4 protein chains.
Amino acid sequence: MKKRNATVAVVGAGDFIGGEIAKKFASEGFTVFVGRRQGEKLAPLIKEIEAADGKVFGRALDARKEDEMVSFLGDADKHAPLEVCVFNIGANVNFPIVDTTERVFRKVWEMACYSGFLAGREAARLMLARGKGNIFFTGATASLRGGSGYAAFAGAKFGLRAVAQAMARELGPKNIHVAHLIIDSGVDTAWVRERREQMWGKEALDNPDLLMPPASVAASYWQLYQQPRSAWTFELEIRPFGEKW
Amino acid sequence: MKKRNATVAVVGAGDFIGGEIAKKFASEGFTVFVGRRQGEKLAPLIKEIEAADGKVFGRALDARKEDEMVSFLGDADKHAPLEVCVFNIGANVNFPIVDTTERVFRKVWEMACYSGFLAGREAARLMLARGKGNIFFTGATASLRGGSGYAAFAGAKFGLRAVAQAMARELGPKNIHVAHLIIDSGVDTAWVRERREQMWGKEALDNPDLLMPPASVAASYWQLYQQPRSAWTFELEIRPFGEKW
Amino acid sequence: MKKRNATVAVVGAGDFIGGEIAKKFASEGFTVFVGRRQGEKLAPLIKEIEAADGKVFGRALDARKEDEMVSFLGDADKHAPLEVCVFNIGANVNFPIVDTTERVFRKVWEMACYSGFLAGREAARLMLARGKGNIFFTGATASLRGGSGYAAFAGAKFGLRAVAQAMARELGPKNIHVAHLIIDSGVDTAWVRERREQMWGKEALDNPDLLMPPASVAASYWQLYQQPRSAWTFELEIRPFGEKW
Amino acid sequence: MKKRNATVAVVGAGDFIGGEIAKKFASEGFTVFVGRRQGEKLAPLIKEIEAADGKVFGRALDARKEDEMVSFLGDADKHAPLEVCVFNIGANVNFPIVDTTERVFRKVWEMACYSGFLAGREAARLMLARGKGNIFFTGATASLRGGSGYAAFAGAKFGLRAVAQAMARELGPKNIHVAHLIIDSGVDTAWVRERREQMWGKEALDNPDLLMPPASVAASYWQLYQQPRSAWTFELEIRPFGEKW
C-alpha cells in the first residue's frame, strides 16, 4: 500500500457504515481519523485497520460540541492535509407526531443535522485554506421524504441535505467537492436486521438483495472521491438491485 | 359578517404575511388568536381587525417555548374549536458557510423549524381530539433549494417541510389537512424592498409584478382552507406572474 | 347566472373529469366548447349543461390532428375571447417493457403529450394576441413517477409536464397563467372502480375516501382560475384525504 | 488490454460524448458496436479505436426505425453477450412556443425519446434472456426542468427519463442495471463553444471550468458500470466544479 500524506476524517465512525468508510480510505493509504461518541468502542476498528497496515487515530467525539469538532478536524489537518471529511451520524427514530417530545426532536436534530453543519463548516475552513478538499454527507430516504412518524428524523435529514446543498454551491467553484450520498435502503447491520425481523418476521431476512452491505456504501464514497472535478456529482443515490422504490 | 364558533391561530403574526392571514380569517367570521415575539407590536393589527368588526386576541408569544405554545393554542381552542393553525415564522439570513456561527445556525432553526414543530404538534393534539382541523405552514424557495450562503435558513426551512410532510401523511387520513405553502418570490414588505434596492438599485422596485402582496398569500391560505377533503393539496407553490423560476 | 363574454375550451371532455370541468365553467357563465374523439358521446353532457341554462358547443375532435385543433380553439375564440383552455386527455396503460409495442408507445404519446402540445400552443397563439388567458393541463401521479410498466404512459405524462413548464416560464410574464394539476389518486369513475375491484376485490371500493369525485377536480381548476396573477400556482397536486403517498 | 467476451452498444455514437464512451469501453476490452445516423462519419472513431487495439463495429443506424434497432442490438448480442447498451441521442433546440412546429416537436421526440424507448426495450429483451445487463441513458438539465423555449426538447428528455425510471423499477430486481446520467452542464464540443460565443461573446470560453470534457462523461458511465448490484445508482447527475446550479 502506497502511503499518502493526507488525512481522512470520519465523524460518526460506527460499527457499520462509518467503520467501513474508514477501512476503505485507510486501505488506500490515507491516515484516517475516526471519531464517535463512545470512544472506547473504536478499539476493534482501530485494531482491524492497523492489522491491515493502515494508519488510524481514534478518539471519543461528541460531534454536537463545537470545540470538540474544531479540535478533531484541526488535529487531523495538522497531522497531514485534510483531504476528505465524511459526516455519518444518523438518529433514526419513529414516533406519532403527538408522541414526539421536544427533547427527542431537538436531540435528533443536534445529532443528525447540527453536528453535520459543524463538521462541514470546520472542514470547509481548513480546506479553503489549502484550496481543495472533499466533504461528504450520508443521507437516507428520509432526506427526501417525510414519512408518517418521521417528523424528527426527516426534519434533521432534510436539514442536513440543505446544508450540504448550500455548501456545494458555495464551495464547488472553490475546488471543494461537497456531496450527499442517499442510501435508499436498509443497510445490513445488526440493528436493521433485528428491526426487520420484528416487523415482518424471520423471512424478511431471507432476501439478501434487500440489505446493503456497508462496504458498498464505502465503495460509493470512494467513487465520489475519484470523480474528476470536471464531472462532480452532488447527490448520489444508491440502493440494492432488489429494492422497491 | 357571519360569526363562526371557531378559532384560527396565527403563530408569527408579523406586520406582513401573518397579519394579512389574520385579517382574512377574521373577515370570514373566525375569532383569531395572534401571537408574535413582541406582543406590543400587535396593537395596530388588533385595532384594524376590530375596526372591521372582527374578533381577535393577541399576545406576546415566544414560539420556541413549549409551555407558551401549549398555552397559546390551548387557550384558542378553549375559546372555540381550533379550526386552523398557521405557522408563519421565518428567519431569512445569508452568510458564507465559514461565517455562519453555531449561534446563528441554532437560532434560525429554533425560530423557523423547531417552533413550527411545536405549533404543529400542539395543534394536532387539539384537533385529533375533535377529529378535524387544518394546519398550514409557510415555506419559501429555500424550502426546496439550499442556495449558496443559506445553510442556516434552508437548513431550517427544509426541516420544517419535512415536519409538514410527516404530519400530512399521518394526519390526513384522520381528517386533518396539513399543507405547506411555498412562496417562491419576494413578498412586498418594507424589508424586502430595502434589500432589493441595496442589491440592484431603485429600478429593482419599478416592476410591481415581481413582489407579492401579502394579501395574495392570505388568499392562497383561504383557498387551501376551502378545499374539500376529497381533493386536498399538500404543497402549494405560488409566485407572481413576472417571476423568473 | 351572469353570462360572460368569454369561452372555455375543454379538450378531452370525457364522461368524468372533462365533463365536470365543462359543467363548472358553464355554471359560472362561460360559453364552453367541448371536444372529444367520439363527438356523439357528448350528447348527455350538452343536454345537462343546457338544462342548467348553460351555453355549450360540442364537436368531434381528434386532438392529434393539428388542423382540427386550430379550428376547434379558433372557433371558440371567434365566438368570444378564449379565456381558459383545459387539456384533459389521458391514456393510462401498463405493460411490461418488452410487451410495450412501438404502436402503443407512439399512440399514448400522441394522445397524452403531443395533443397537449398542440392545444397549448394554439391556445397560446390566441391568448398572446389578447394579452391574457389561462392554459391548464391535467397531470397524474405518472407525471412525476415512472412506475414499473408505465414506460409509455409516464413517458407521455412526463413530456406533457415539460411542455407545461416551458410554457409557464415563457408565458407567465405575458399574463397567461399556465398550470399543471397533478391528480395523485384514482378518480371515481366506472373504469377505475372496475379496475380496483379486479385488483383488490370488492372491498377496495368500500373506502370512499380513496377515490376522488370528478367535481373536486373541477373545483380545483376553478380555484386555479381564481388566483390573482400576483400569486399564481404552476403545479397543483391534489389527493383525497385518505390517500397514502 | 484483456479482451472480454462481451459487447457494448452505443446508440448515438457522435463525435463527442458517444464516441468517448465507445473508446472507454473498447479500451477496457469490450467489443463495441457503434451506430449513428450518418454511418460514414464513424470512420475516424473506428480508426482511433482500432489504432488503440480496440475492437469495434460501426454502422449507419436510424434509431427511430424499429427494425434497424432490433438488428443493431441483436447483431451485437450475437457477436458476444450484450453487456451494456448506452443511449445517447439528443436533439437540443429552443423555440418560442408559438414557433414550435408540429414537425419539430415530433422529430425531437422521435430522436430523443422514442428511439431511447426502442433501444431500451430491445436491450432489455436480450438481457432478460441472459439474466444480466446494463442500460444507460444520457440525460440533461432539460430532463428535470422545462425552461422557456424548451417545450420540444424538455418534452422529449422528460419522457426519456420516465422510460428509464419505469425500466429501472421493473428490471432492477431482474439484475439489469438501468441508469440515467444527468449532465447538468454544457459539454465541451465545437457546437456548444460556438453557441456560447454567439450568446455571450468570446469571454464565455475563457473559463474552462464550465465546460465538461466528453471523457469525463465516459468516465462517469464507467463508474456506473462498476457499481456492485448491492449499491446501484439510478440517477447520476454530474457537473463541472465551476458550474452554477
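The values are calculated or read from the model by the stated rules, or taken from the named source; none is laboratory data. No experiment lies behind these values; they were computed from the predicted model shown. All Cβ positions, glycine included, derive from the backbone under ideal geometry; neighbour counts span all protein chains shown. The protein model used for the area step is the full one, side chains on, heavy atoms only, and it has no ligands, DNA or RNA in it. Shrake-Rupley method; radii C 1.70, N 1.55, O 1.52, S 1.80 Å.
Mean partner shielding of peptide B:140-148, defined as the number of other chain Cβ atoms within 10 Å of each residue Cβ, is 4. For segment B:56-99 versus segment D:88-159, the inter-centroid distance based on Cα atoms is 48 Å.
Computing the accessible area with a 1.4 Å probe over protein heavy atoms, can you report the carbon and sulfur percentage for chain A? Heavy-atom surface of chain A belonging to carbon and sulfur, 1.4 Å probe: 52 percent.
With its label point defined 7 Å out from Cα along the Cα-to-Cβ axis, C:Asp67 lies at 3.0, 8.1, 8.4 nm from the matching points of the other copies, in increasing order. Taking amide H atoms as placed 1.01 Å from N in the peptide plane, the amide H of A:His180 lies under 5 Å from those of A:Phe137, A:Glu235, A:Leu236, each 5 or more residues away in sequence or on another chain.
Rg(Cα) of segment A:67-109 divided by 2.2 N^0.38 Å?
In units of the globular-protein estimate, segment A:67-109 measures up at 1.79.
Cα-based values for segment A:113-180, radius of gyration first and Dmax second, are 12.8, 44 Å.
Can you give the net charge of the other residues whose Cβ lies under 13 Å from the Cβ of C:Met127, counting K and R as +1 and D and E as -1?
Overall, the nearby charge balance is +1.
What are the trypsin sites (Lys or Arg not before Pro) within segment B:37-123 that DSSP puts in a loop, where the Cβ has at most 15 other Cβ atoms within 10 Å? Those satisfying the criteria are B:Arg37, B:Lys65. Contact residues in segment A:151-194 (at least 30 Å² less accessible area with all protein chains than alone, 1.4 Å probe): A:Ala151, A:Gly155, A:Phe158, A:Ala162, A:Val163, A:Gln165, A:Ala166, A:Arg169, A:Glu170, A:Pro173. Chains B and A together bury roughly 3400 Å² of accessible area, counting both sides, with a 1.4 Å probe on protein heavy atoms only.
With a simple spin-label model that places each label point 7 Å from the Cα along the Cα-to-Cβ direction, the separation between A:Asp75 and B:Gln38 comes to 4.6 nm. Assuming a ≥ b ≥ c are the square roots of the Cα gyration tensor eigenvalues, decide whether segment B:118-227 counts as rounded (a/c under 1.5), prolate (otherwise, with a/b larger than b/c) or oblate. The shape class here is prolate. When its C-alpha radius of gyration is set against 2.2 N^0.38 Å (N residues), the protein assembly as shown gives a value of 0.95.
Put simply, chain B fits an ellipsoid with semi-axes of 28, 21, 18 Å; these come from the alpha carbon gyration tensor as the roots of five times its eigenvalues, largest first.
Can you give the accessible area per residue of segment A:1-57, in Å², using a 1.4 Å probe?
Accessible area per residue: 47 Å².
Calculated from the alpha-carbon coordinates, segment A:1-103 shows an Rg and a Dmax of 15.1, 54 Å respectively.
Between copies, A:Glu50 shows label-point distances of 6.0, 7.5, 9.3 nm, shortest first, with the point placed 7 angstrom from Cα along Cα to C-beta. Cross-linked pairs B:Lys3/C:Lys23; D:Lys107/D:Lys157; D:Lys3/D:Lys132; D:Lys157/D:Lys244: Cα-Cα separations exceed 23 Å for B:Lys3/C:Lys23.
Ascending distances from the B:Met199 label point to its copies in the other chains, with the point 7 Å along the Cα-to-beta-carbon line: 2.2, 4.2, 4.5 nm. To the nearest ten degrees, helix B:151-171 and the longest principal axis of the Cα atoms of chain B are 30 degrees apart. The P(r) of segment A:58-160 has a tail past 24 Å containing 29 percent of all C-alpha pairs.
The relative contact order of chain B comes to 18 percent, based on Cα pairs under 8 Å that sit 6 or more residues apart. Taking the longest Cα principal axis of chain A as reference, the axis of helix A:190-200 is set at about 20 degrees.
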